[in-house]
Amino acid sequence: MFKKIIIWSPRILAIAFILFLSLFALDVFNEYEGWFIVVPLLIHLLPALILLSLTIVAFRFDLIGMLGFISFSIFYILLVGFSQIFMIILAPAVIISLLFLLSWFYKKKRG
């Protein structure tokens with residue numbers, strides 16, 4: 001039971017985090033209409049799509065997930081700066097990264 005929680009928690013939380021990030025793309029529908037919505041929507045969904053592809057790879061390779069989510073966190077800090085309001089996006093990414101690291105340690109220890 002504990003093994004399943006350690007292995008599956010970063011993957012499930014990563015998918016939930018990606019869905020949370022995707023919600024921010026919905027503001028495009030207020031500003032654009034028709035086919036003019038496609039490019040802005042893809043631009044708003046780009047971080048979520050990158051993290052989704054990273055999560056798919058991380059299902060097999062835990063270290064890739066850890067490196068990817070911590071890289072996303074560092075890039076996010078460099079891009080927007082550090083503020084308490086941005087911890088809503090930063091904290092889950094760091095937690096998911098640490099959970100992928102824990103999952104990797106557990107798999108390495110168990111063989």
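Arranged from fewest to most other beta-carbon atoms within 10 Å of their beta carbon, Val94, Val80 become Val80, Val94. Just checking my list [x] 13.9; [y] 14.4; [z] 15.0 against Kirkwood radius over Cα pairs in Å computed from this structure; which label fits? For Kirkwood radius over Cα pairs in Å, the calculated option is [z]. As a proxy for reagent exposure, ranking Val39, Val28 by other Cβ atoms within 10 Å from fewest up yields Val39, Val28. Residues considered: Leu54, Leu21, Leu78. Largest GNM mean-square fluctuation over the chain, using C-alpha springs under 10 Å, is found at Leu78. Relative to the current alpha-carbon distance between Phe20 and Leu41, full extension at 0.36 nm per residue lengthens the span by 6.0 nm. Among Trp104, Trp8, Trp35, sorting on how many other beta-carbon atoms sit within 10 Å of each Cβ, with the fewest leading, yields Trp35, Trp8, Trp104.
Values quoted throughout were computed directly from the atomic coordinates according to the rules given, and no laboratory measurement underlies them. Remember, predicted model here, so these are calculated numbers, not experimental data. No Cβ is skipped: glycine too gets one built from the backbone with ideal geometry, and neighbour counts run over all protein chains shown.
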